[in-house]
Amino acid sequence: MFVGLSLDQAPPFRSPLKFFLTAPIFAMIAGIFALFSQTLDIHSSNMIATIHLITIGYMVMIIFGALQQMLPVVAGAVIPKAKLTANITYTSLVVGLLAFSMAFFMYEKILFFTAATFLFFALLYFVSIALYQLAKVANKSYIVIGMIVSLSFFILAFLIGVHLIIAHATSNISELHYSFALIHYHAVFFGFIFILIVSITFQVVPMFWVADAFKQIEQKGIIISTSLVLILYFINILFSLGLDSLYQVIMSILVLYFVLITVKKLRTRRRKLKDISVYFYMTSMIFLALGIVYWLIFSFIELPIEPLAILLGIGFVVSLMNGMLYKIVPFLTWFHLNSKGLFDIPTMRDMIPLSKMQQQYFIHLNSVILLVLGFYFGIDIIIYTAVILFIISNILFFINIYTAAQVYLKREN
Amino acid sequence: MLKELELDTRELEAPEPIDMVMNALSQLDNSTYIKMIHRMEPKMLYINLDKNNLHYKARIQNETVYIYIWNDTFEKLSLLEDILCL
């Protein structure tokens, strides 16, 4: 007789959870770094630390947690020895990030070395395992292909990043240094983050919001075209073919097409219940579109670069991850309670109070808008206000997802 | 007589489809099979069907997924095979 969902191929409850709960803590630390920064110049040491605390401490932390949970759902694949792999990755990431933060604070070479070693190990270790498991999937859907492509771009970006760091450290700056840096940025954003988000969106939008499934032609079109355009761009950079504007236009069309079909699916979803995760997803898509338009204008008119980073980094990526975790964590809780054969499980909607999520959403939205305006007009008081809102938003975000996790933790035994 | 238990989960959000099917599994017998209709392939359901030693076959038509599920005691497999065109 059936006694509950099988946990054979699902990660233990705490494995992805600790990644999800740690992410907002690093976002708070990033905010504190920015608050105490002497300057808001994007190239200053405190701001570099802030940026990496968000990209690695928040974004990568959530991506790694989500991958552990998504692989069985998307591909029927799973990270082997899930608990051990999660613990090794998590510990290395946390030690690396703490050393990284302290390194910028204390300017100790040993801390930079420690940070680089632990982060290098954590990133390459987990991505290699995930990539190997995905490669083994027999009938690969475009979602699986997208995830493989994304993680491959991550490895490329990572190796180029290592080269750039070594070049800096040894003052051995070659003629191709700037070209490699450009490839690094584009491989990270479009290759790794954008393609991964696209692939996960194809899975979660129909799954969680009862929207129409993305057509095969849409999935194939966006994933394959983005990958090809990106590879051609890298060739263009290395051989100085001068096709940068063409690349920007084609990439922008692809991104805007993705925004358009995603917004359309969400707007025409069949169950139009009030859902804060939809607010976050829609907000994320709007900021992605605004960011891409800003990027296009940026190449023709002299504009500050910081609003571009805010629109794409916080407006697009952080908003999306925020909304996605409001679905993923309750799903994780529900799944593990169900596997225990319990019958009085609350629904996913009942696990986090709607009003609390809504409150956090508006604080987050205001922080993004104020960050963009503050950096665009160069008004420090607006930026600092936005940073405080960003910290508050992440405190509330932590409390909200912990509330969902507690539903399981209270009944664990 | 062949009995079909149709579960149309196209209008349900995760995790309701898998929950609905798992709750219906106890109704499978020597003449009853489940026909699940879904918007997408439920990979996690497949893992759980395997775990419970159940048999299934998925067909995709017009972007809709039809999953047929039966157990070891099912005696009308030839009739079901005609439906599935196996």
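Candidates in the range A:106-142 are the residues that are of a type in the set (A, V, I, L, M, F, W, C) and without any contact (Cβ under 8 Å) to a residue 24 or more places away in the chain; of these, the one that is surrounded by the most Cβ atoms within 10 Å (Cβ to Cβ) is A:Ala115.
What do you reckon, is A:Ile129 within 14 Å of chain B (Cβ to nearest Cβ), assigned to a helix (DSSP H, G or I) and in contact with a helix residue (DSSP H, G or I) (Cβ under 9 Å, 6 or more places away or on another chain)?
Numbers: within 14 Å of chain B (Cβ to nearest Cβ): no; assigned to a helix (DSSP H, G or I): yes; in contact with a helix residue (DSSP H, G or I) (Cβ under 9 Å, 6 or more places away or on another chain): yes.
So A:Ile129 fails the test.
Of the set (1) away from chain B (no Cβ under 14 Å); (2) surrounded by fewer than 24 Cβ atoms within 10 Å (Cβ to Cβ); (3) modelled with pLDDT of 90 or more, all apply to A:Ser319 but (2). Residues in the range A:242-280 that are buried (at least 18 other Cβ atoms within 10 Å of the Cβ), of a type outside the set (A, V, I, L, M, F, W, C) and within 14 Å of another protein chain (Cβ to nearest Cβ): A:Lys265, A:Arg269, A:Asp275, A:Ser277.
Checking B:Ile18, B:Ile60, B:Ile34 one by one, the residue that is part of a strand (DSSP E or B), of a type in the set (Val, Ile, Thr), within 13 Å of chain A (Cβ to nearest Cβ) and crowded, with 20+ Cβ neighbours inside 10 Å is B:Ile34 and no other.
Looking at the range A:143-165, is at least one residue under 18 Å from A:Ser227 (Cα atoms), within 14 Å of chain B (Cβ to nearest Cβ), in contact (Cβ under 8 Å) with a residue 60 or more places away in the chain and not aliphatic (A, V, I, L, M)? No.
Scanning the range B:37-51 for residues that are over 16 Å from A:Gly76 (Cα atoms) and facing chain A (nearest Cβ under 8 Å) returns a single hit, B:Arg39.
Inclusion of A:Val162 among residues that are part of a helix (DSSP H, G or I), of a type in the set (Val, Ile, Thr), over 19 Å from A:Gln68 (Cα atoms) and in contact with a helix residue (DSSP H, G or I) (Cβ under 9 Å, 6 or more places away or on another chain) is warranted.
Look through A:Leu325, A:Leu288, A:Leu308 and report the one residue that is surrounded by 23 or more Cβ atoms within 10 Å (Cβ to Cβ), modelled with pLDDT of 95 or more, over 30 Å from B:Met22 (Cβ atoms) and not hydroxyl-bearing (Ser, Thr, Tyr). Steps first, please.
Values: A:Leu325 fails: over 30 Å from B:Met22 (Cβ atoms); A:Leu308 fails: surrounded by 23 or more Cβ atoms within 10 Å (Cβ to Cβ).
One residue alone meets the criteria, A:Leu288.
When you look at A:Ile231, is it within 14 Å of chain B (Cβ to nearest Cβ), without any contact (Cβ under 8 Å) to a residue 40 or more places away in the chain and exposed (fewer than 15 other Cβ atoms within 10 Å of the Cβ), yes or no? In short, no. Take A:Lys83 and decide whether it is in a helix (DSSP H, G or I) and among the basic types (Lys, Arg). Yes, satisfied. Looking at A:Ala138, A:Ala122, just one residue is assigned to a helix (DSSP H, G or I) and not polar (S, T, N, Q), and that residue is A:Ala122. Taken as a whole, the range A:335-354 holds at least one residue that is of a type in the set (D, E, K, R) and either at positive phi or in contact with a Pro (Cβ under 9 Å, 6 or more places away or on another chain) (or both).
Which one of these is exposed (fewer than 14 other Cβ atoms within 10 Å of the Cβ) and outside any loop (DSSP other than H, G, I, E, B): B:Asp50, B:Asp72, B:Asp82? I'd like the intermediate steps shown before the answer.
Details: B:Asp50 fails: exposed (fewer than 14 other Cβ atoms within 10 Å of the Cβ); B:Asp72 fails: outside any loop (DSSP other than H, G, I, E, B).
From the options B:Asp50, B:Asp72, B:Asp82, the qualifying one is B:Asp82.
The values are calculated or read from the model by the stated rules, or taken from the named source; none is laboratory data. This is a predicted model, so every value here is computed, not measured. Counting neighbours? That spans all protein chains shown, and the Cβs are built from the backbone with ideal geometry, glycine included.
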